[in-house]
Amino acid sequence: MLIELIESIDSTVYGFMSDIRCPALTAACRLVSVLGSEIAVVVICLLLIALCRKSGLYTSGVMIVSAALNNLIKVVAARPRPDLPRLADVSGWSFPSGHAMNNICLYITISLLIYNRWQNKRAAIAAGTLLCSFGVFIGLSRIYLGVHYFSDVTAGFVAGSAIAIVSWIICRERVCPFREKAD
């Protein structure tokens, strides 16, 4: 029964995405998808290392864990890609979406670092919201392009969020040690 419910939701979401397809949105989703590629994630991690070594290395380590777990889950789940019209060429297994998992993990990790470092918490929350929204758009673009089911992207969001949060709970004192405020 649960499988039928998931398949029904996947089908409904894909139907909606198919209905809204147009050249401009297709171009935008292709661009967003490229900006969420493995190469883009690596470039962002390298930039972070260059700008703030400790935070960049931490973020890179979290991303290595995310990518490794994503690949492991894909092999274990072995779910084929949707047999639907695709607007992008892809290969490999579908579940969970690597774009969704790795990008939401990346942007939550960066958001936590920003929140911890910035004095202006409203600005930090706004920046984190913007970053995480971009991660969500990357995942949604994968459904629009027909290369993932909604459930693949949702699972990627859940797993990526969990990796970012658990990593932060375990490592935050080493990455961003508590600093006493001056009186």
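Bear in mind these aren't lab numbers, they're just calculated from the coordinates by the rules spelled out. Everything numeric in this text was worked out from a predicted model, so none of it was measured. Cβ sites come from the backbone with ideal geometry, for glycine too, and all protein chains shown count toward neighbours.
May I ask you to verify whether SER97 is more than 21 Å from ARG174 (Cβ to Cβ) and touching an Asp or Glu at 6+ places or on another chain (Cβ under 6 Å)?
yes
Of the residues making up the stretch 142-175, those that are at negative phi, outside any helix (DSSP H, G or I) and not aromatic (Phe, Trp, Tyr) number 3. Where residues in the stretch 24-44 are in contact (Cβ under 8 Å) with a residue 60 or more places away in the chain and closer than 16 Å to CYS105 by Cβ, which of them is nearest to the chain's Cα centre (by Cα)? Among them, the one singled out is GLY36.
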